[in-house]
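The values are calculated or read from the model by the stated rules, or taken from the named source; none is laboratory data. Keep in mind it's a predicted model, so treat the numbers as computed, not measured. Here the Cβ positions follow ideal geometry from the backbone for every residue, glycine too, while neighbour counts run over all protein chains shown.
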Amino acid sequence: MVKKEEVERELDRHIRPVDIVIVLSGMYADHSDWMQGEIRVANKHDKPIVGVVPLGGHRVPPAIEEVALEIVDWNVKQIVDTIRKKALPYRTTG
């Protein structure tokens with residue numbers, strides 16, 4: 001079994017260099033521990049979080065609504081536009 005500290009260390013290694021963190025809200029119910037780790041690490045490094053609602057999905061878990069700068073549908077244009085809009089300001093000011 002992998003320890004929580006090992007998982008967070010690996011998440012830290014992957015999240016630290018990115019400009020934005022995308023979380024898939026449909027994954028939360030089955031992987032909430034993992035996703036809470038992603039959220040903790042993103043917050044630790046002041047990374048903006050964007051929630052993506054899966055195709056055909058409607059509900060977004062409150063834990064994601066509370067931390068996401070924006071919630072978008074499963075739509076390539078909307079996801080890319082949001083990444084451009086939310087990540088670039090953080091790169092220059094955050």
Which one is surrounded by the most Cβ atoms within 10 Å (Cβ to Cβ), of the residues in region 19-46 that are in a loop (DSSP other than H, G, I, E, B) and among the hydrophobic types (A, V, I, L, M, F, W, C)?
20
Could you go through region 47-62 and let me know if any residue there is modelled with pLDDT under 95, in a helix (DSSP H, G or I) and surrounded by fewer than 14 Cβ atoms within 10 Å (Cβ to Cβ).
yes
Among the candidates 18, 52, single out the residue that is among the aliphatic types (A, V, I, L, M), in contact with a Phe, Trp or Tyr (Cβ under 8 Å, 6 or more places away or on another chain) and under 20 Å from residue 81 (Cα atoms).
52
